[in-house]
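Encoded as structure tokens, the structure appears first; notes follow it.
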Amino acid sequence: MTPAELPAYLRRLARDVKDRAALDAADAMAQAYQRSVVLSMTGPSPSAPGTPPARRTGTLARSVRPEAAKLTGDGKAESSVAPHTVYARIQQLGGDIYPVRAKALRWKDKSGVHFARHVRLPARPYMVMNDARRQEVRSAAIGAVQRVIREALGG
């Protein structure tokens with residue numbers, strides 16, 4: 001490389017590092033958030049109202065998945081984390097459940113079989129950004145950016 005080619009090379013390197021760092025940071029943040037959400041689903045079933053749902057089968061926890069990061073322009077990227085089960089929303093927000101194909105809802109627990117025409121499920125928010133999660137996500141992003149910079153510098 002000649003001295004005249006160096007400025008263009010450095011600009012290209014800076015652009016590549018900026019884009020790679022943004023993508024890696026967004027991916028790391030989504031994965032850290034997803035991991036934190038899944039780990040919050042513990043404890044006895046049913047969980048107390050206002051606390052994350054208990055993990056009975058693991059279906060809800062397995063359905064919480066991060067989306068691959070996408071560049072949005074000028075060294076910025078975005079990603080998202082979302083659950084993909086039909087009952088994820090009602091667990092998060094709570095709500096009323098009514099039978100669709102029968103006259104009554106039916107379920108079984110330790111005390112026997114129960115029937116009802118209507119059940120109110122309390123909110124059990126689990127997709128919440130709190131201070132602890134914010135710190136985990138921030139640390140993951142910083143680590144990802146540092147790795148990209150080290151790789152770009154050949155270390």
Those aspartates and glutamates that a straight Cα-Cα span of less than 15 Å connects to Lys76, excepting residues fewer than 8 apart in one chain: Asp16, Asp19, Asp24, Asp27
Helix 6-39 versus the longest principal axis of the chain: what is the Cα-based angle in degrees, 0 to 90, to the nearest 10? 20
Label corresponding to Cα extents along the principal axes in Å when calculated from the structure given, among (1) 80, 50, 22; (2) 81, 29, 22; (3) 67, 43, 28: (2)
Label points 7 Å out from Cα along the Cβ direction at Arg12 and Ala132: separation in nm? 4.8
Ranked from highest to lowest mean number of other Cβ atoms within 10 Å per residue, what is the order of the peptides 139-148, 21-30? 21-30, 139-148
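Which value, in debye to the nearest 20, gives the size of the charge dipole of the chain about its Cα centre, when Lys and Arg are +1 and Asp and Glu are -1 at the Cβ?
Working: 26 positive and 13 negative charges, 187 e Å.
Here the chain has a charge dipole of around 900 debye.
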Cα-based Kirkwood hydrodynamic radius, segment 91-130, one decimal, Å: 11.8
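Read the figures in this text as sums done on the coordinates, not as results from a lab. Bear in mind the structure is a predicted one, so any value in this text is a computation, not a measurement. Virtual Cβ from ideal backbone geometry, glycine too; neighbours counted across all protein chains shown.
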